[in-house]
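In what follows, a structure is listed as C-alpha cells, so that the remarks can point back to it.
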Amino acid sequence: MSRLLLAGNDSCIREGLRMRLAFEPGITLVGEVDNDTEILPQIQMLRPDVVIIDEIMPDQDCFATITSIHKAYRQCSIILLSLYNNEAIRVQAELAGATVLVGKCEGVEDFLAAIRQMAKP
C-alpha cells in the first residue's frame, strides 16, 4: 500500500486527482495541502511514501520546497506536476531532488504510471 500526500494550490486539480486516485488499488491519499508551508509538517505527521507537488505554489519556489523535502525525508519519492514538461524544468527538478516530472498536459495515465512507478509494494 503506497501512501500519497498531494500538494497544490489549485483546488480543482486536487479534487480531480483525489477522485481519480480513489479508484487506484494499493494507493491511499493520506493528505492534501494547499501551500508550501504545510508540506513538511504534514510529511512528518502522515509519513507518505510519495509526495506529489504542483509546480505552482503560493509561498515559495517549488524547487526550494522539493530540496527541503528531499533533504529531510529521503525515503519519500517526489513527483513534480508541471504545466511545462521540458528538459530545463526536468533538470531543475532532478537537481532539487524530485524523482520524476509529469507534465499536466500528458494525461492522467502518465501521471498514474509515475505514481505506480514510485509506489512501494
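Surrounded by fewer than 15 Cβ atoms within 10 Å (Cβ to Cβ), modelled with pLDDT under 90 and not charged (D, E, K, R), is that true of Gly16? Considered against the rule, which asks whether it is surrounded by fewer than 15 Cβ atoms within 10 Å (Cβ to Cβ), modelled with pLDDT under 90 and not charged (D, E, K, R), Gly16 comes out as yes. Looking at the range 72-93, which of the residues that are of a type in the set (Ser, Thr, Tyr) and at pLDDT 90 or above is surrounded by the most Cβ atoms within 10 Å (Cβ to Cβ)? So the residue we want is Ser77.
For the range 23-71, a residue qualifies if it is farther than 22 Å from Leu83 by Cβ, surrounded by fewer than 16 Cβ atoms within 10 Å (Cβ to Cβ) and small (Gly, Ala, Ser), and exactly one does: Gly26. For the residues Val50, Val100, the requirement of being in contact (Cβ under 8 Å) with a residue 60 or more places away in the chain, at negative phi and β-branched (Val, Ile, Thr) singles out Val50.
If you scan the range 1-52, which residues turn out to be more than 16 Å from Val108 (Cβ to Cβ) and of a type in the set (D, E, K, R)? Answer for the range 1-52, where residues must be more than 16 Å from Val108 (Cβ to Cβ) and of a type in the set (D, E, K, R): Arg3, Glu32, Asp34, Asp36, Glu38, Arg47, Asp49. All conditions but one from (1) closer than 19 Å to Val100 by Cα; (2) in contact with a strand residue (DSSP E or B) (Cβ under 9 Å, 6 or more places away or on another chain) apply to Asn35; the one that does not is (1).
The sole residue among Glu87, Glu55, Glu94 that is within 14 Å of the chain's Cα centre (by Cα), under 26 Å from Val108 (Cβ atoms) and without any contact (Cβ under 8 Å) to a residue 24 or more places away in the chain is Glu94. Among residues of the range 15-44 that are in contact (Cβ under 8 Å) with a residue 40 or more places away in the chain, those with a Cβ under 7 angstrom from a residue that is surrounded by 13 or more Cβ atoms within 10 Å (Cβ to Cβ) and part of a loop (DSSP other than H, G, I, E, B), sequence gap 6+ or separate chain, pair up as Gly26/Ala119; Ile27/Ala119. For the residues Ile53, Ile39, Ile69, Ile43, the requirement of being modelled with pLDDT of 90 or more and in a strand (DSSP E or B) singles out Ile53. Within the range 6-32, the residues that satisfy the criterion of being hydrophobic (A, V, I, L, M, F, W, C) and either under 19 Å from Ala98 (Cβ atoms) or under 14 Å from the mean Cα position of the chain (by Cα) (or both) are Leu6, Ala7, Ile13, Leu17, Leu21, Ile27, Leu29, Val30.
The values are calculated or read from the model by the stated rules, or taken from the named source; none is laboratory data. From a predicted model like this one, the values you see are computed outputs, not experimental measurements. Cβ: placed from backbone, ideal geometry, glycine included. Neighbour counts: every protein chain shown.
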